[in-house]
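Trainee: First, the structure itself, so that you have it in front of you.
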Amino acid sequence: MATYAIGDLQGCYDELRTLLDRLQFDPQTDHLWLVGDLVNRGPQSLAVLRFIKDLGEQAVSVLGNHDLHLLAVAQGNRKHYQDGSLDDVLRAADRDELLDWLRHRPLLHHSRNKGFTLLHAGLPPQWDLQTAQSYAREVETVLQGEGFAELMREMYGNRPTCWSDELSGMERLRFIINCLTRLRYCNPDGTLGLKEKGPPGTQAPGLLPWFEVPGRASAGERIICGHWSALGFACRNNVWSLDTGCLWGGQLTAMRVRRRKPLIAIQISCPGAFTPWGGD
């Protein structure tokens, strides 16, 4: 029985199946961890959703920013929807079932047995694992409850840029979502630099990759994430980043999740649905 973590799919279903064949994945005994962004921009978002959903308890997928985008568009928030790549999902006969399944996915998954935490983007330096778990549950409660429609209307935006225990309401929820699903860079004091999307070395002065901030409270946790295609596969400071730009013609990356044995990336090359490399 094996557990494999896989990077951002964004509708690249054929590449997923090719990688699973390479892994000799057995859906009866093996497990998948998905770093989020199952959908959007790629050609087969509907097929990806159906496949991962049908795996049931054999798959854990955390929510990424593109997954939340699908939920927002389905709620009528089409301000940021331009390319039509989610239309297959929105028109599907099983649309409501799939969307309900998606909104019940976690923002953060921690396995004590494996000794790893799975999330889409990052954590601000002030949050330790217990704090991040608590804040993720706050948003999950709203996503799965009566506040869902309002959250889908109000979640977009880059403010507030810094955490405070005094944050409340939509500002508090938006900050939590932005960290867990969009964060790449921040200042050492935890101020988010959400507009920066390039590889390390291209960011504005004073910003650091979130996992390189000195003294971050989560430094002792082993974290698997995605979201940052321009970074590529990276293993730094107890963080494994698996978004290797499948959508953009890079690779699709898997990593076997094990507590004690070496962690080795398994990759396949991808033709790419979009060029040039880049994006959020």
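Trainee: I'd like the carbon and sulfur percentage of the solvent accessible area for the chain, probe radius 1.4 Å, heavy atoms only, ligands and nucleic acids excluded.
Mentor: Ligands and nucleic acids excluded, carbon and sulfur reach 44 percent.
Trainee: A further question on this structure: Residue-wise, which Karplus ³J(HN,Hα) couplings in Hz belong to segment 131-141, taking 6.51 cos²θ - 1.76 cosθ + 1.60, θ = phi - 60°, and x for glycine or proline?
Mentor: Calculated HN-Hα couplings, in order: 5, 4, 4, 5, 5, 4, 5, 4, 5, 4, 4 Hz.
Trainee: Per the Kirkwood formula on distinct C-alpha pairs, the Rh of segment 182-280 is how many angstrom?
Mentor: It is 14.4 Å.
Trainee: Okay, moving on. I need the calculated FRET efficiency for the pair LEU129 and GLN24, taking r as the beta carbon distance and R₀ as 25 Å, to the nearest 0.05.
Mentor: 0.20
Trainee: Can you give the Rg and Dmax of segment 190-246 based on its C-alpha atoms, in angstrom?
Mentor: Considering segment 190-246 through its Cα atoms, Rg and Dmax are 11.4, 32 Å.
Trainee: Let me ask you something else. Debye calculation, C-alpha points only, no solvent: report log10 I(q)/I(0) for segment 39-101 at q = 0.25 Å⁻¹, in the same order as the q values.
Mentor: Results for segment 39-101 at q = 0.25 Å⁻¹ read -1.19.
Trainee: For segment 156-163, just list the computed ³J(HN,Hα) in residue order, Karplus coefficients 6.51, -1.76 and 1.60, θ = phi - 60°, integers in Hz, with x standing in for Gly and Pro.
Mentor: Once rounded to whole Hz, the list reads 5, x, 9, 10, x, 9, 9, 6.
Trainee: Counting DSSP beta bridges in segment 1-145, what percent are antiparallel, to the nearest 5?
Mentor: Once the DSSP bridges in segment 1-145 are tallied, antiparallel ones form about 35 percent.
Trainee: Considering amide H positions built from the backbone, and no H for Pro or chain starts, which residues 5 or more places from ALA59, or on another chain, come under 5 Å of its amide H?
Mentor: Here the answer is LEU32, since their amide H atoms fall under 5 Å of that of ALA59.
Trainee: Quick one: which residues, 5 or more positions from TRP127 or on another chain, have an amide H under 5 Å from its amide H? H modelled 1.01 Å from N in the peptide plane, none for Pro or chain starts.
Mentor: ALA217
Trainee: Tell me, what is the per residue accessible area of the chain in Å², probe radius 1.4 Å?
Mentor: 43 Å²
Trainee: Can you tell me the equivalent ellipsoid semi-axes for segment 77-123? Use √(5λ) from the Cα gyration tensor, largest first, whole Å.
Mentor: 30, 15, 8
Trainee: Along each principal axis of its Cα atoms, how long is the chain end to end? Whole angstroms, biggest number first, please.
Mentor: 45, 45, 38
Trainee: Give the percent of DSSP beta bridges with both residues in the chain that are antiparallel, rounded to the nearest 5.
Mentor: Approximately 60 percent, going by the DSSP bridge assignments.
Trainee: Under 5 Å between amide H atoms, partner at least 5 residues away or on a different chain: which partners does THR253 have, H built in plane at 1.01 Å?
Mentor: Sorted by chain and number, the residues that satisfy this are GLY7, THR244.
The values are calculated or read from the model by the stated rules, or taken from the named source; none is laboratory data. Keep in mind that what you see is a predicted model, and the values were worked out from it rather than measured. Neighbour counts run over all protein chains shown; Cβ positions are idealised from the backbone, glycine included. Just so you know, the surface numbers come from the protein's heavy atoms only, side chains and all, with ligands and any DNA or RNA stripped out. Shrake-Rupley method; radii C 1.70, N 1.55, O 1.52, S 1.80 Å.
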